[in-house]
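Quick notes on the structure that follows.
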Amino acid sequence: MTGDRPRTHPGTAGGVLAVDIGGTKLALRAIAAGAAVYERTVPWPVGGDAGGESELMEASVAEAVGALGGAPVRIGVAAAPNVDADGSVLSWPNRPDWVGRSLTAPFAGSGAEVLFGDDATLAGLAEAMSTGSRDLVYLGIGTGVGGGLVSGGRLLTGAWGTAGELGHLVVDPRGPRCRCGTRGCLQAVVSAEALAAHAAAARGLPTTSAELVAGVDRAEPWADRTLDHAADSIAGALRVLVELVQPAQVRIGGGLGAALAPLPRRVARRLAAKARPGRPLPEVGPAVHGPHSSLAGAALLAAHGTSVLGGADLFREGCPS
Ligand SMILES: [Zn+2]
């Protein structure tokens with residue numbers, strides 16, 4: 001379990017709780033009078049099941065609520081799994097035993113209104129608000145690969161609220177098969193697992209994503225080849241987005257994405273080489289919230305309610321800033 005430095009959250013007068021349910025961990029931040037008063041990251045136990053994970057979530061939420069000293073006004077949850085309107089899990093690729101189980105049950109004892117949002121969409125929201133950019137693409141690289149799109153100051157959520165799934169843009173039609181069944185989705189090529197496998201092949205040794213990060217930091221040639229491969233694949237996806245939504249900024253985050261410090265600059269170079277001549281290109285940089293963009297987005301959802309997800313102009317007077 002790791003702590004983190006408290007962050008300020010303007011506009012959160014009452015106590016709220018932000019929760020990020022990710023592929024490898026649960027992150028919680030309690031916010032009172034606009035300031036983080038509690039933050040904790042709880043890794044999922046290796047080999048755990050949905051029942052045990054649900055109990056761990058309930059205990060973690062209770063501890064965070066205890067740190068607030070009273071029931072939060074609202075809990076914002078950034079969720080990797082897809083949930084229906086009642087909070088039942090519809091799909092969670094790396095935790096299939098959660099399907100059909102209630103994701104709201106662990107929060108039932110909190111006494112608060114609980115709001116769910118897609119983790120990468122909320123991350124995009126937080127990055128747009130914190131950078132002041134009305135046209136931003138967020139790309140999260142970790143257990144999975146997710147995206148959040150803000151265009152013209154509004155979240156792009158699509159007709160059914162699930163737009164921006166950048167992880168399933170095909171970047172290599174002959175590449176590895178994705179969990180969705182298609183070959184060469186960005187997620188199948190640059191997820192933590194995929195990049196670890198690429199690094200292992202480049203190095204000739206079994207390699208974890210943490211070892212890849214260390215290899216990149218030491219400028220090892222095999223790690224550099226994997227970084228190049230990641231940058232080239234991401235630039236291929238961004239080339240499409242430049243044509244479709246013309247972002248001013250691209251922010252790369254997620255657990256692995258935030259740890260690969262040279263990645264944004266490498267992506268920018270590859271994108272410049274791939275893009276149509278004369279096309280204005282976005283600034284590509286690291287997520288300002290590091291690996292915590294989804295948690296920051298959950299805090300916005302907790303503070304301001306579903307209005308932030310409703311397609312309203314995020315920068316108009318009265319919206320979060
Ligand atoms: Zn896919």
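List of remarks:
- Close amide H partners of residue 38, meaning residues 5 or more places away or on another chain with modelled amide H under 5 Å apart, are 30.
- The string of couplings for region 204-213 from the Karplus curve (6.51, -1.76, 1.60, θ = phi - 60°) is x, 8, x, 9, 8, 5, 5, 5, 4, 4 Hz, one whole number per residue in order, with x for Gly and Pro.
- Selected from 227, 295, 139 as most flexible by GNM, with the chain as the system and alpha-carbon contacts under 10 Å: 227
- Accessible area of residue 134 in the full protein assembly, 1.4 Å probe (Å², nearest 10): 90 Å²
- Relative contact order, percent, the chain [alpha-carbon distance under 8 Å, six or more residues apart]: 18 percent
- When the trypsin sites (Lys or Arg not before Pro) in region 154-243 are filtered for DSSP coil states and for at most 10 other beta-carbon atoms within 10 Å of their beta-carbon, the remaining sites are 174, 218.
- 1.4 Å probe accessible area per residue over region 264-321, in Å²: 48 Å²
- Positive-end residue, region 125-189 charge dipole about Cα centroid, Cβ charges, pick of 138, 169, 149: 169
- Separation of region 180-246 and region 252-321, taken as the distance between their Cα centroids, equals 19 angstrom.
- Over region 132-291, relative contact order from alpha-carbon pairs under 8 Å, at least 6 apart, %: 24 percent
- With respect to the chain, whose longest principal axis is taken over its alpha-carbon atoms, helix 119-131 is tilted by about 90°.
- Cα-Cα separations in region 132-291 greater than 29 Å, expressed as whole percent: 13 percent
- Accessible surface of the chain [probe 1.4 Å, protein heavy atoms]: carbon and sulfur percent: 53 percent
- Comparing 73, 250, 46 in a Gaussian network model of the chain, where Cα atoms under 10 Å apart are tied by springs, the biggest mean-square fluctuation is seen for 46.
- Region 35-64 and region 147-177 have Cα centres lying 29 Å from one another.
- Test item: Cα-centred dipole of the chain, Lys/Arg +1 and Asp/Glu -1 on Cβ, debye: 1080 debye
- Solvent-accessible surface of region 117-259, taken per residue with a 1.4 Å probe and all protein chains present: 40 Å².
- Taking the charge dipole of the chain about its Cα centre, with +1 at Lys and Arg Cβ atoms and -1 at Asp and Glu Cβ atoms, the residue from 160, 216, 27 reaching farthest to the positive side is 216.
- Dipole magnitude of region 137-293 about its Cα centre (Cβ charges: Lys, Arg +1; Asp, Glu -1), debye to nearest 20: 380 debye
- 10 Å beta-carbon shell around residue 226, net charge (K/R +1, D/E -1): -1
- Listed residues 150, 77, 240, most fluctuating in the chain (Gaussian network, C-alpha, under 10 Å): 240
The values are calculated or read from the model by the stated rules, or taken from the named source; none is laboratory data. Not measured: the values here are computed from a predicted model. Note that each Cβ is placed from the backbone with ideal geometry, even for glycine, and that neighbours are counted across all protein chains shown. The accessibility values were calculated without ligands, DNA or RNA, using every heavy atom of the protein model including side chains. Shrake-Rupley method; radii C 1.70, N 1.55, O 1.52, S 1.80 Å.
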